[in-house]
Amino acid sequence: MSRRPSTTEGAPPSDQSMTRAGAQPKRFTPPSISSTFCLSMRYASESLGLAQCFRCRTVLPLCTSPIWIALNLATLPLGWPFVIRGLFSSSATDRVQRSASGTAKAVALLRFRAAELGFGPDHLAGAFTHLFYEDLPPAFLRARGAIERWEYFVTGRIGGGACGCFDDFVLYMQARTVYLDAVAGGEASGGGSVEQLVILGAGFDTRCYRLDIGKTARCFEVDAPTTQALKRESLSRAGVDCSHVTFVPVDFAHSDWFQCLCDAGFDPRRRTVFIWEGVFYYLPAEAVDATLRRIATSCSDAVLGFDCFADWMVAVSGPLLARVYGEPLLTGMPRGGEEALLARNGLVADDVTRPFRSARRLLPVDEGGMTIGPPAYLLLAATFLTARTKPR
């Protein structure tokens with residue numbers, strides 16, 4: 001599954017997969033210098049994550065004990081089989097073609113981690129964690145999860161140990177989930193009830209099942225058939241009722257996603273909230289514009305919530321994601337370019353949130369008003385946006 005869609009007005013908004021028909025397995029190629037460098041820096045910073053403890057007085061006594069250091073560092077090698085396989089095998093793109101995307105599975109796992117620690121809102125994310133075991137050794141996940149739970153239980157904070165980089169992802173996903181939950185719940189709808197909720201590139205999103213809006217609005221999930229099949233099977237195994245959700249399977253490489261949505265019963269004249277999470281940066285710039293423009297020109301009363309990364313983040317992390325998951329980052333947001341992007345595609349910016357500056361609003365805080373962990377570099381690179389169609 002390649003992230004590259006066609007650049008027509010039906011350009012796909014998928015977070016999960018855009019399969020090229022007849023794609024051939026890649027021949028083996030060694031990892032690029034940039035991929036290897038990014039990976040090395042990632043694991044070096046994780047190995048040195050204990051240094052974060054010295055900036056956090058509540059974690060210092062625990063994390064400087066020999067037993068704690070040994071337990072943290074002992075878990076690091078458990079992840080290397082996955083990393084080596086991702087960097088040096090030719091199967092990354094093949095795995096995405098056969099199944100749901102690795103990044104979609106990772107998002108579900110991170111939400112599960114936050115819920116497991118007691119502050120994450122996605123209590124249904126655990127239904128999909130078994131899918132992530134295809135990409136990581138179960139022993140790695142269990143060891144890391146146990147350390148995270150112990151650290152949080154003892155200190156009330158995360159991100160202070162050798163799991164620091166993994167914890168950064170948990171904090172970022174928590175902030176993104178909280179922000180877009182509010183958009184999906186109708187808080188940005190400008191008053192009045194939301195009649196339709198559409199999750200574009202839904203992946204393993206659970207908003208249609210755990211938010212109140214799922215009981216009052218008609219819900220649609222748009223994604224590739226392979227991803228939807230895995231999701232419905234996992235929800236059934238977990239005993240989650242999804243009968244109220246209309247699944248819209250789309251061949252993103254060849255179909256007009258909006259026309260497929262309308263064929264499934266979507267009414268563009270009704271008040272609608274679109275959630276477009278974790279998708280923007282995986283699409284070419286032309287496809288981003290086409291998706292935004294299609295919503296702006298086709299819907300009478302719609303609100304769109306989505307996220308994006310700064311262009312420097314795309315340049316730094318794109319090669320690593322391409323190698324490990326076969327899903328490169330393609331499009332970044334120039335600094336201060338959010339409103340211009342929306343304006344040229346016919347939308348109006350309702351809210352532009354820099355999560356790094358809004359960490360206390362989006363992340364849990366302790367009794368002293370401090371966030372439970374240091375704001376991650378992902379929060380520094382990200383922007384969360386809410387836009388709406390122009391009045392007609």
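The values are calculated or read from the model by the stated rules, or taken from the named source; none is laboratory data. This one's a predicted model, so the numbers in the text were calculated from it and none came from an experiment. All Cβ positions, glycine included, derive from the backbone under ideal geometry; neighbour counts span all protein chains shown. All accessible areas refer to the heavy atoms of the entire protein, side chains included, with ligands and DNA or RNA removed. Shrake-Rupley method; radii C 1.70, N 1.55, O 1.52, S 1.80 Å.
Just to confirm a number: summing +1 for Lys and Arg and -1 for Asp and Glu over residues other than residue 380 whose beta-carbon lies under 10 angstrom from that of residue 380, what do you get?
+2
How long are the three semi-axes of the equivalent ellipsoid for the range 166-386, computed from the Cα gyration tensor as the root of 5 times each eigenvalue, in whole Å, largest first?
Semi-axis lengths for the range 166-386 are 26, 21, 20 Å.
Share of the range 166-386's accessible area from carbon and sulfur, percent, 1.4 Å?
Here it works out to 51 percent.
Using amide H atoms built 1.01 Å from N in the peptide plane, name the residues 5+ places from residue 304, or on other chains, whose amide H lies under 5 Å from its own.
Close amide H contacts, sequence-distant or interchain: 274, 387, 388.
Could you state how much accessible area residue 301 has, in square angstrom rounded to the nearest 10, with a 1.4 Å probe and all protein chains kept in place?
Probe radius 1.4 Å; accessible area of residue 301 about 50 Å².
With θ taken as phi - 60° and the coefficients 6.51, -1.76 and 1.60, list the Karplus ³J(HN,Hα) couplings across the range 224-239 in order, rounded to whole Hz; mark glycine and proline as x.
Whole-Hz 3J(HN,Hα) from phi for the range 224-239: 5, x, 5, 5, 5, 5, 5, 5, 5, 5, 5, 5, 5, 4, 8, x.
Going from most exposed to least, what order do 261, 330 have by accessible area with a 1.4 Å probe?
330, 261
Please report the accessible area of residue 313 (heavy atoms, 1.4 Å probe, ligands and nucleic acids excluded) in Å², nearest 10.
Number for this one is 10 Å².
State whether the range 258-332 is rounded, prolate or oblate according to the following rule on the C-alpha gyration tensor (a ≥ b ≥ c being the square roots of its eigenvalues): a/c under 1.5 gives rounded; otherwise a/b larger than b/c gives prolate, and the remaining case gives oblate.
Cα axes put the range 258-332 in the prolate bin.
From the protein chains alone at 1.4 Å, what is the descending order of accessible area for 388, 270, largest first?
These residues rank, largest area first, as 270, 388.
At a probe radius of 1.4 Å, what is the per-residue accessible area of residue 312, in Å² to the nearest 10?
So the heavy atoms of residue 312 present about 110 Å² to solvent.
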